[in-house]
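Take a look at the structure below.
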Amino acid sequence: MRIRKAGRDDAAAIAKISVDTWRATYKGIVSQAFLDQMSYQERTNKWKQKLIDPKMFSYIAETENGEAVGYANGGVVRGEASEKLAELYAIYILPDYQRIGLGERLLKPMVRTCIDHSFDQMVVWVLEGNKAALFYKALGAETYDQDTIELAGEKLNLFGYKFKNLNVLLGNLT
């Protein structure tokens, strides 16, 4: 498995991972109508813009034959004014590649990049019912905040977790 910085040419691969992972991870959590209407093309167009944003860092995981199977992205925290607080926007890994350490391998360069950009803490938001919360807690994230989000007319709970020291987190990653 290879982890590398993602570029604009990776937009379609990241969009596919995003849609496929959402459909698998959020089945029973998010309305099926919302999951069904997700579009590879729409996501690709969004990712083409996201991947040129200098305030966002993105990494992609590929198999030895070059198949993209996961990604992580993050950067400046959304909704708060803080020079020291980064946000992990997402780690998505195709179901067949989960639980083999890829999440930590994707998180590691993200954390390094955040440290290099003078961030010392990081938050991540998780939809209620998403088992990824266990991953973040196992790495030392603490409960940070709670919010709601509306998707397809349905209000869903979000839970925020914070890594209070990125150097410690980096040391905890394999």
Q. If you go through the range 1-60 one residue at a time, how many are assigned to a helix (DSSP H, G or I), within 22 Å of residue 77 (Cα to Cα) and in contact with a Gly (Cβ under 8 Å, 6 or more places away or on another chain)?
A. 0
Q: Could you check, for the range 99-121, whether at least one of its residues is in a strand (DSSP E or B) and either of a type outside the set (Asp, Glu) or loosely packed, with under 12 Cβ neighbours inside 10 Å (or both)?
A: yes
**Q.** Whichever residue in the range 50-89 is free of Cβ contacts under 8 Å to residues at least 24 places away in the same chain and among the aliphatic types (A, V, I, L, M) and, among such residues, is surrounded by the fewest Cβ atoms within 10 Å (Cβ to Cβ)
**A.** 81
Q. Which condition number in (1) farther than 15 Å from residue 164 by Cβ; (2) touching a Phe, Trp or Tyr at 6+ places or on another chain (Cβ under 8 Å); (3) at pLDDT below 95 is the one that residue 99 fails?
A. (2)
Q) For the range 25-45, how many residues are surrounded by fewer than 15 Cβ atoms within 10 Å (Cβ to Cβ) and over 18 Å from residue 158 (Cα atoms)? A) 9
Q) surrounded by 12 or more Cβ atoms within 10 Å (Cβ to Cβ) and among the small types (Gly, Ala, Ser): does that describe residue 153? A) no
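The values are calculated or read from the model by the stated rules, or taken from the named source; none is laboratory data. Remember, predicted model here, so these are calculated numbers, not experimental data. When we count neighbours, we look across all protein chains shown, and the Cβ atoms used for this are built from the backbone with ideal geometry, even at glycine.
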